[in-house]
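Each remark here refers to the structure printed beneath this line.
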Amino acid sequence: MLDADGAVVPDQSKITVDLASLTSDSSTRDNYIKRNTLQTAQFPTAEFTVSSAPGLPLPLPTSGSATFQLVGDLTVHGVTRPTTWDATATFGDGGFTSTATTTVLISDFRMEPPKAGPVLSIEDSVRLELDVKGAVAPSIAELLSAPS
């Protein structure tokens, strides 16, 4: 959510993910990760609160694409860390679609990377991706000049 000047409104710019809904091609692995690593019974959600969007073109374009960053706080497993995501958005038809990615360390969020015996383990570094679809609200001037 952006205010009239194009600044991010953090208390209205939160993305919350239900961690219990995450799935892969292996329900056994999913259950292990949810129970032992993410501990979803105690920490059911992850949340990213955007505080700024450096490089986001303002006013928002009505067509084309743009690359920018989303800067804010990521909370996982009860730990909040500053995080920067690289984003690409495509604008058109009164809205946009966007993909943002970042890389974090599992251990930065007080979790142990999962291990299964001496053979299988997951690296501490994990890549996160957000896909966002949004609409651009009309400005007050557009609303006032619209025919009744």
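Here are some notes:
- Count - residues of the range 76-96 that are within 30 Å of Ile106 (Cα to Cα) and surrounded by 12 or more Cβ atoms within 10 Å (Cβ to Cβ): 12
- The range 1-33 - residue that is of a type in the set (D, E, K, R) and within 16 Å of Thr75 (Cα to Cα) and, of those, surrounded by the most Cβ atoms within 10 Å (Cβ to Cβ): Lys14
- Taking the numbered list (1) surrounded by fewer than 19 Cβ atoms within 10 Å (Cβ to Cβ); (2) closer than 23 Å to Gly6 by Cα; (3) small (Gly, Ala, Ser) in turn, Ser107 passes all entries but (2).
- Within the set Asp86, Asp93, the sole residue that is farther than 30 Å from Gln42 by Cβ, of a type outside the set (Ser, Thr, Tyr) and free of Cβ contacts under 8 Å to residues at least 12 places away in the same chain turns out to be Asp93.
- Filtered residues of the range 63-122 (kept if of a type in the set (Gly, Ala, Ser), more than 21 Å from Ser52 (Cβ to Cβ) and part of a strand (DSSP E or B)): Gly64, Gly92, Gly95, Ala116, Ser121
- Of all residues making up the range 123-148, the number that are under 27 Å from Gly94 (Cα atoms), part of a loop (DSSP other than H, G, I, E, B) and at pLDDT 75 or above: 0
- Members of the range 34-43 that are of a type outside the set (D, E, K, R) and surrounded by fewer than 14 Cβ atoms within 10 Å (Cβ to Cβ): Asn36, Ala41, Gln42
The values are calculated or read from the model by the stated rules, or taken from the named source; none is laboratory data. All values reported here derive from a predicted model rather than from experimental measurement. Neighbour counts run over all protein chains shown; Cβ positions are idealised from the backbone, glycine included.
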